[in-house]
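Read-outs throughout are calculated quantities, based only on the coordinates presented, and are distinct from any laboratory measurement. All figures in this text were calculated on a predicted structure; none of them were measured in a lab. Don't worry about glycine lacking a Cβ; one is built from the backbone with ideal geometry, like all the others, and counts go over all protein chains shown.
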Amino acid sequence: MATIELSSAQLNHLLELVYLGEWMRQAYTTDTYNVELEDLEQKLYAIAYNEGLDESVEYDKKLGGYVPSEELEASCDEYIDVYDD
């Protein structure tokens, strides 16, 4: 098992990379679900949530998992908009 120490800012940047990577993967493939990637994404979101980054990650009781917050999505949408142009 690998261990890595990140500041809150670094962890937040990692969340942006995860969100953008998943957006890119889903934007150009018909295979929209990958168990290994979903598990990794959930693990990172859980770590961030438990580290107090609830401005970036929320727990959705209906889904039974972690989801990016509107704030995280909005910050990533800026990159996506530039990419799309």
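Here are the numbers for this structure:
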| quantity | calculated |
| --- | --- |
| Whole-Hz ³J(HN,Hα) from phi, Karplus 6.51 cos²θ - 1.76 cosθ + 1.60, for the stretch 63-69, glycine and proline x | 7, x, x, 8, 9, x, 6 |
| Mean Cβ neighbour count within 10 Å, used as a protection proxy, ranking 3-10, 76-83, 37-44 highest first | 37-44, 76-83, 3-10 |
| (1) 79, 11, 6; (2) 20, 16, 14; (3) 18, 15, 14, with the label sought being that of the calculated semi-axes √(5λ) of the Cα gyration tensor in Å | (2) |
| Protection proxy ranking of 19-26, 60-67 - average other beta-carbon atoms within 10 Å, highest first | 19-26, 60-67 |
| Estimated distance in nm for a label pair at Ser7 and Met24, the labels positioned 7 Å out from Cα along Cα-to-Cβ | 2.5 |
| Long-range amide H partners of Val57 with built H, under 5 Å | Ser69 |
| Contact order relative to length of the chain, as percent, for alpha carbon pairs under 8 angstrom and 6 or more apart | 26 |
| Residues in the stretch 45-85 reached by a label modelled at Leu14 [backbone nitrogen below 13 Å; 7 Å Cα→Cβ] | 45-53 |
| Inter-label distance for Ala74 and Glu58, nm, one decimal - labels placed 7 Å from Cα along Cα-to-Cβ | 1.2 |
